[in-house]
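Have a look at the structure below, then the notes.
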């Protein structure tokens, strides 16, 4: 998390926001057992931030923001993270994945497809 936060230049509330975002993305990575949810979350977050910034005429290089914007910026990732975790569990994902790729069952070939070497 500290490396992710250091890569952003904001005032203290902005850095707290980025830190919370980093914790949520890291937690999603642990819970889902892959980087895809965290990467997608970061992309969606940036697209919304820039898109809304352009539509609202905001300064995209600002290093501080009003308190209401910071609170919303903290609340939105928390809600989205909860939605991802609930969807992951609904689809049958485990609560936590421990271990690396060597701990997982190897992929089995599908029926009707020849194996390639």
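The values are calculated or read from the model by the stated rules, or taken from the named source; none is laboratory data. What you see is a predicted model, and the numbers here were worked out from it, not measured in a lab. Cβ placement follows ideal geometry from the backbone for every residue including glycine, while neighbour counts extend to all protein chains displayed.
What to note about this one:
- Only one entry in 48, 4, 21 is part of a helix (DSSP H, G or I) and at pLDDT 85 or above, namely 21.
- Filter result (part of a helix (DSSP H, G or I) and farther than 13 Å from residue 14 by Cα) within region 53-69: 53, 54, 55, 56
- Residues that are farther than 17 Å from residue 79 by Cβ and either surrounded by 11 or more Cβ atoms within 10 Å (Cβ to Cβ) or in contact (Cβ under 8 Å) with a residue 60 or more places away in the chain (or both), drawn from region 33-59: 33, 34, 35, 36, 39, 50, 53, 58
- Evaluation of residue 27 against the conditions (1) crowded, with 17+ Cβ neighbours inside 10 Å; (2) within 16 Å of residue 79 (Cα to Cα) shows that the sole unmet condition is (1).
- Region 67-105, residues that are at pLDDT 75 or above, surrounded by 10 or more Cβ atoms within 10 Å (Cβ to Cβ) and farther than 21 Å from residue 22 by Cα: 89
- Residues that are part of a loop (DSSP other than H, G, I, E, B) and modelled with pLDDT of 80 or more within region 7-18 are absent altogether.
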